[in-house]
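Chemist: My questions will all concern the structure given below.
What follows draws every value from the coordinates through simple rules; no lab data is involved. The model shown is predicted, which means the values in this text are computed figures rather than measured ones. Here the Cβ positions follow ideal geometry from the backbone for every residue, glycine too, while neighbour counts run over all protein chains shown.
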Amino acid sequence: MHGPALSGWLLMVLCGVTGAYCLLRTREGTARERRTARAEALMGFGMATMAVPAALLTPPRWAWGVYVVLFGGAALRALWFARISGHHRHHLVGSLAMVYMAVMMAPGIAGGGGQGGHAGHGAAGSHGVAPAAGGIPLLTGALLVYYAFYVLRSAGRLIPVPVPAGPVAPGVSSGAGGTPGPAGTGSGWAGLPDLTSACRLTMGMAMFAMLLTL
């Protein structure tokens, strides 16, 4: 990443907290909700690790290969479950975006700057020179457009919608703002759809910010 140190710390904290909340959700809810929560926890922690400022930690060269293997596997898993759950298509895009960023930030790759693309998370590299930005403009632009629409759509779901007083059909929950959704239907952590949607919004904005630095 090639932004100021403050943005790296902020991304790390936000994504880490989001990942921790998603990890709590893996303990409750239906099998589908737990599976979704596990995928989102992996994404949150992965993004938090990738956003660690270079002033705190410079990852070894092999770390980027670990990112590629880990999120490549997550992409294959998301592709399999995308047959039965539309939200896993978003996980597929996110996992592939993580693979793309890891490749672009790896040492020796355009944008890696030879010092490890992670140096840009904080600001300048170890010699005080910010590594050159890299990435494939068309692919980066397509991902930015996708996440811009995703963030707007997620933010719209958090806007309260007035619900007229009246009987509610049996077995149907109006949820927050009167709009049902797959964010959470159980009790405890899994039954907080607004918080789940806010976490997804946070990760979407964080991914958009990280892609901007390529």
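Chemist: Based on the Cβ-Cβ distance of V13 and L195, what FRET efficiency does E = 1/(1 + (r/R0)^6) give at R0 = 22 Å, to the nearest 0.05?
Modeler: 0.85
Chemist: Right, another one. Calculate the spin-label point distance for L152 paired with R83, positioning each point 7 Å from the Cα along the beta-carbon direction, and give it in nanometres.
Modeler: Roughly 3.4 nm, to one decimal.
Chemist: Ok, one more. How large is log10 of I(q)/I(0) for the range 3-59 at q = 0.23 Å⁻¹ when the intensity is taken from the Debye formula with one equal scatterer per alpha-carbon?
Modeler: -0.77
Chemist: V68 to L138: extension gain in nm, 0.36 nm per residue of separation minus the Cα-Cα distance?
Modeler: Contour length minus Cα-Cα distance gives 23.2 nm.
Chemist: Right, here's the next one. Using a cut-off of 15 Å between beta-carbons, work out the net charge of the residues near R34 (Lys and Arg +1, Asp and Glu -1, R34 not included).
Modeler: Here the count lands on +3.
Chemist: While we're here: If packing is taken as the mean number of other Cβ atoms within 10 Å per residue, what is the order of 11-24, 36-49, 140-153, highest first?
Modeler: Ranking the peptides 11-24, 36-49, 140-153 by packing returns 36-49, 11-24, 140-153.
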